[in-house]
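Peer 1: Please read through the structure below; I'll follow up with questions.
The values are calculated or read from the model by the stated rules, or taken from the named source; none is laboratory data. On a predicted model such as this, the values are computed, not experimentally measured, just so you know. Counting neighbours? That spans all protein chains shown, and the Cβs are built from the backbone with ideal geometry, glycine included.
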Amino acid sequence: MSALLIIAGTDSSGGAGLTRDVAAAAAMAQATHHYCETPLLLRPVVTAVTAQTDRALRDVHPVPNEGLLAQLRAAIETGPIGAVKIGMVGSPTAAETIAHFLETELPDDCPVVLDPVLRSTSGGDLMQAADLTPLIMRADLITPNLSEAAQLAGQASASPLTDIATQARQVISLGAKAALIKGGHGTGAMSVDHLFEGDQCTAYERPRLSNGKRGTGCTLATSIAVQLLTGHSLAQACANAGDHVHTWLKAPA
Ligand code: PLP
């Protein structure tokens, strides 16, 4: 049985990061009844340790490069990897190290989902968009929100659909095979995520919810990675994972 490799930072508030990824992966697997037949194996690799409350990003300690590489090597030696989810990367050097590792150690057909974490809503920047380029080049899917898409596309802001399509093309031109531009931070009664894959654009519309939760981006990207690991197409994975996250968002915090 292959495992999900989760490469992410920790968040001491528990709202986002690796803890959220692990919880999301277990919940997504259970929702698809995958758990009952074969347990989902997780290999967590820590890129950075953050000290956060819900209101403040106090401190970030990137894991030294040697420690990051040692974790990656040990994770892959433990057994086959069926999909990879990358969240907070921690530093430009870590981005290079992870990209090189995936390039040399991971089979080409192993799906990689990259959540381009640039900022914590608890208040603080976590990475510069340009420093993610080496990882974008190996991503089968990148999942920016509207502001991340604009930053990746080198723009100051974004909004109408034409902009989103242009941004998606620019993000994909950085090397990702597909982009899911999340509309959760937009306006209007419906929240619309757009999947751009080749010439295709698929829109996923769900009623916009008034309550937000931290860790929504982590939850969605991890849920998509679980779906890809269990053999779903990218479009189906985005649909199933998006529905699952919508249900999670509706539940009380
Ligand atoms: N902190 C860490 C360690 C994360 O990995 C992430 C997202 O992946 C965040 C913060 C940002 O999450 P949010 O935007 O919900 O604050």
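Peer 1: Exactly one condition in (1) modelled with pLDDT of 95 or more; (2) within 16 Å of the ligand (Cβ to nearest atom) is not met by K213; state its number.
Peer 2: Here K213 clears every test but (1).
Peer 1: Suppose we keep only residues that are surrounded by fewer than 24 Cβ atoms within 10 Å (Cβ to Cβ) and within 14 Å of L41 (Cα to Cα) within region 1-16. Which one would you say is nearest to the ligand (Cβ to nearest atom)? Explain how you work it out, then say what you get.
Peer 2: Initial filter on region 1-16 (surrounded by fewer than 24 Cβ atoms within 10 Å (Cβ to Cβ)): 1-3, 10, 12-15.
Okay, now just the ones that are also within 14 Å of L41 (Cα to Cα), so 1-3.
On the way: M1: 26, S2: 23, A3: 20 Å.
That would be A3.
Peer 1: Return the residues of region 84-111 that are outside any loop (DSSP other than H, G, I, E, B), among the β-branched types (V, I, T) and surrounded by 24 or more Cβ atoms within 10 Å (Cβ to Cβ); say none if nothing qualifies.
Peer 2: Step one: filter region 84-111 for residues outside any loop (DSSP other than H, G, I, E, B), giving 84-86, 92-105.
Filter once more, so that each one left must be among the β-branched types (V, I, T): 84, 86, 93, 97-98, 104.
Result: V84, I86, I98.
Peer 1: Consider only pairs whose beta carbons are under 7 Å apart and that are at least six residues apart or on different chains; among these, list those whose first residue lies in region 78-92 and is closer than 11 Å to V112 by Cα and whose second residue is away from the ligand (no atom under 15 Å from the Cβ) and of a type in the set (S, T, Y).
Peer 2: Every condition considered, the pairs that remain are I81/S2; G82/S2.
Peer 1: In region 33-77, what residues are hydroxyl-bearing (S, T, Y), surrounded by fewer than 19 Cβ atoms within 10 Å (Cβ to Cβ) and in contact (Cβ under 8 Å) with a residue 24 or more places away in the chain?
Peer 2: Passing the criteria: T38, T53.
Peer 1: Suppose we filter K177, K182 for residues that are at pLDDT 95 or above and within 15 Å of the ligand (Cβ to nearest atom); which single one remains? Give the derivation first.
Peer 2: Details: K177 fails: within 15 Å of the ligand (Cβ to nearest atom).
Answer to the selection: K182.
Peer 1: Within region 160-169, identify whether any single residue is over 25 Å from C110 (Cβ atoms), touching a Gly at 6+ places or on another chain (Cβ under 8 Å) and charged (D, E, K, R), and answer yes or no.
Peer 2: Within region 160-169, none of the residues are over 25 Å from C110 (Cβ atoms), touching a Gly at 6+ places or on another chain (Cβ under 8 Å) and charged (D, E, K, R).
Peer 1: If a residue has to be under 22 Å from A24 (Cβ atoms) and either within 14 Å of the ligand (Cβ to nearest atom) or touching a helix residue (DSSP H, G or I) at 6+ places or on another chain (Cβ under 9 Å) (or both) to count, how many in region 77-93 make the cut?
Peer 2: The first filter runs over region 77-93 and keeps only residues under 22 Å from A24 (Cβ atoms), leaving 78-90.
Pick out the ones that are also either within 14 Å of the ligand (Cβ to nearest atom) or touching a helix residue (DSSP H, G or I) at 6+ places or on another chain (Cβ under 9 Å) (or both) and you get 81-90.
Residues that pass the stated criteria total 10.
Peer 1: Do we have any residue at all in region 162-172 that's farther than 13 Å from L249 by Cβ, modelled with pLDDT of 95 or more, touching a helix residue (DSSP H, G or I) at 6+ places or on another chain (Cβ under 8 Å) and not aliphatic (A, V, I, L, M)?
Peer 2: No: region 162-172 contains no residue that is farther than 13 Å from L249 by Cβ, modelled with pLDDT of 95 or more, touching a helix residue (DSSP H, G or I) at 6+ places or on another chain (Cβ under 8 Å) and not aliphatic (A, V, I, L, M).
Peer 1: Does D59 satisfy the criteria of being of a type outside the set (G, A, S), within 9 Å of the ligand (Cβ to nearest atom) and either outside any helix (DSSP H, G or I) or on the phi < 0 side of the Ramachandran plot (or both)?
Peer 2: On the way: of a type outside the set (G, A, S): yes; within 9 Å of the ligand (Cβ to nearest atom): no; either outside any helix (DSSP H, G or I) or on the phi < 0 side of the Ramachandran plot (or both): yes.
No: the conditions fail for D59.
Peer 1: Which of the residues spanning region 119-139 are within 15 Å of the chain's Cα centre (by Cα) and touching a residue at least 60 places away in the same chain (Cβ under 8 Å)?
Peer 2: S120, L126
Peer 1: Now for a separate question. Given the criterion within 11 Å of the ligand (Cβ to nearest atom), polar (S, T, N, Q) and without any contact (Cβ under 8 Å) to a residue 40 or more places away in the chain, identify the matching residue among T19, T97.
Peer 2: On the way: T97 fails: within 11 Å of the ligand (Cβ to nearest atom).
On inspection, the qualifying residue turns out to be T19.
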